[in-house]
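Reading through the structure tokens given below for one structure.
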Amino acid sequence: MIKDDLYFLKSSYHYDLPEDLIAQYPLNDRSASRLMVLSRETEQIDHLQFSDITKFLKAGDVLVLNSTKVIPARLIGLKDTGARIEVLLLSPKTDNIWVCLVKPGKRMKVGSKVVFSETLYAVVNDLAEEGSRIIEFFPKNDLWEELNEIGNIPLPPYITRQAEDSDKDRYQTVYAKENGSVAAPTAGLHFTNEILESLKSMGVVITEVQLNVGLGTFRPVQMENILDHQMHEELCHVSETTADIVNQAKKENRRIIAVGTTTVRTLESFSDNSFLTHGTKWTNIFIYPGKKVTIIDALITNFHMPESTLLMLVSAFAGYDFIMKAYQTAIQEQYRFFSYGDAMLIL
């Protein structure tokens, strides 16, 4: 087997991670996380704090954020029989009809009713792919009000504790605006308002896109040949203003710096001959080694799960061998991994 073929094997993206390096809680100070800085040109690896990020950006750089907001999408209810049902809202079909995961699924057949509170119940309308359900919600008032009142933040499964009230703030970026995600664009969790203001005062241009992060981003790759993997669709949006900002910067050879893999996927979904179009679309873009990343010049990201599509994306941008070396270094240096963990800047 030639070396390039190894990039298409799921097992090539495996690494052994000690469980105690999986961050279960965020740091009190968002910007106190560690920052691993990778140079693609020299393959140098440096170790700093996230608050040092301002040292690596300069006037004229364009920093692109994903402004999506995590919704309190996890609901606990009861059937008429008294059976406890957990419902996770994934994506809306209309304001009150959503594709959802349910647990235990066998108890939620078409027509099943579940009551969440005195002012909210739901009925299963239909079955959907991979065991999900089409569920219609019947709120007394507005569904968003009900979710904010009784819903819980859906923490990833590798965070093994129950969600706490503090997660409603900390599992959310400080710049989150538009409801829609069931998982945070976690690279952005390290930014504080103070850092963003400091960057603006330096002359860094900050703009936004939106990708509503669904479970598809985190679903494990099942096939050993990653080319057989099918990404789930997620809704994303690029405004005309953001497209103009990015395209002007590219014409002037100024850097585009993406915050998070969801931002990269959004930008690449709207890439046309290395320039950015605008609009709203569903994307299932899958970026892996061999796929060219055309819009960005640098990436701020977290440390991702073994064999994940996110690890494959950063390998496409920085090079497979360099990324796998960096991950082994992160383990040796006791970095904190995944959503509430430390950060990486790839230049």
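The values are calculated or read from the model by the stated rules, or taken from the named source; none is laboratory data. Only a predicted model underlies this, so the values are computations on that prediction, with no experimental measurement involved. Using ideal geometry, Cβ is built from the backbone for each residue, glycine included, and neighbour counts are taken over all protein chains shown. We work out accessible area using only protein heavy atoms, side chains counted, and drop any ligands, DNA or RNA first. Shrake-Rupley method; radii C 1.70, N 1.55, O 1.52, S 1.80 Å.
Of the residues making up segment 31-44, not a single one is open to solvent by 30 Å² or more (accessible area, probe 1.4 Å), of a type in the set (D, E, K, R) and part of a helix (DSSP H, G or I).
With respect to the conditions (1) open to solvent by less than 10 Å² (accessible area, probe 1.4 Å); (2) in contact (Cβ under 8 Å) with a residue 60 or more places away in the chain, residue 290 falls short on a single one, namely (1).
Taking the condition touching a Leu at 6+ places or on another chain (Cβ under 8 Å), modelled with pLDDT of 90 or more and loosely packed, with under 13 Cβ neighbours inside 10 Å, does residue 110 pass? Lay out the reasoning, then the answer.
Values: touching a Leu at 6+ places or on another chain (Cβ under 8 Å): yes; modelled with pLDDT of 90 or more: yes; loosely packed, with under 13 Cβ neighbours inside 10 Å: yes.
So residue 110 passes the test.
Checking each residue in segment 169-206 for being closer than 24 Å to residue 282 by Cα and of a type in the set (S, T, N, Q) picks out 172, 173, 179, 181, 186. Considering only residues in segment 55-90 that are open to solvent by 40 Å² or more (accessible area, probe 1.4 Å) and not in a loop (DSSP other than H, G, I, E, B), the one that is nearest to residue 238 (Cα to Cα) turns out to be 69. If you take the residues of segment 151-166 that are of a type outside the set (A, V, I, L, M) and more than 16 Å from the chain's Cα centre (by Cα), which of them is surrounded by the most Cβ atoms within 10 Å (Cβ to Cβ)? Restricting to residues being of a type outside the set (A, V, I, L, M) and more than 16 Å from the chain's Cα centre (by Cα), the top hit is 151. When segment 230-248 is filtered for residues that are open to solvent by less than 30 Å² (accessible area, probe 1.4 Å) and farther than 25 Å from residue 63 by Cβ, only 231 remains.
Taking segment 91-117 as the range and being hydroxyl-bearing (Ser, Thr, Tyr) and assigned to a strand (DSSP E or B) as the test, the residues that pass are 91, 117.
Filtering segment 178-227 to residues that are under 20 Å from residue 50 (Cα atoms) and open to solvent by 60 Å² or more (accessible area, probe 1.4 Å) leaves 193, 194, 197, 200, 201, 202.
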